[in-house]
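Worksheet: the structure to be examined is printed underneath.
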Amino acid sequence: MTARSGVALALIGMLSAAGGCIDPEDRRPGLWLRGEPAEPPADWSFTGAHPEIAIEVRTPYLLRHSVTIWCASVDGRLYVGARSPETKRWPGWVDDDPDVRLGIESSIYRATLVPLEDPAELERVGRAYAAKYDLPPRPGEGAASFRYWRVEPRG
């Protein structure tokens, strides 16, 4: 067996093993998201019924990485967040490439994440997260820190 065929077999084995775990579930990450492509809606309020959604990001390893995340809607706009972002890799990968795919039910939405910097917007989103997930009302009052992004259509 040549080195090239060994690498090919190893790759096929990894992808086969991953076949059962393409989509993320609970705390288990996944690879690429499966679902029907959909246009981002003008109003994301329907996400209030979803405690978790999935996000797929690009990695420097040429594989996609997906995890389940929390989200909140404020005035029809969708926001996603990372709790304790310093302990996760995906927020850094979003810094490198903000184009992501979001999985909600069986639909896949192409989007761009915009980091929140405006204090008033951060306050509104923090309150929406606190209400949806029973969290302390202000960032920094709880044990974990948060980082938030606004979801925008890719343009």
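Brief remarks follow.
- For V67, nonlocal amide neighbours, meaning residues 5 or more places apart or on other chains whose placed amide H falls under 5 Å from its own, are G30, I55.
- Taking the convex hull of Cα positions in region 22-153, its mean projected area over all directions (nm²): 7.6
- Residue-wise HN-Hα coupling along region 62-73, computed from phi with Karplus coefficients 6.51, -1.76, 1.60 (Hz; x: Gly, Pro): 6, 10, 7, 10, 10, 9, 8, 9, 8, 8, 8, 10
Where a number appears in this text, it was derived from the coordinates with a stated rule and is not lab data. Nothing here was measured: the structure is a model prediction, and the numbers come from that model.
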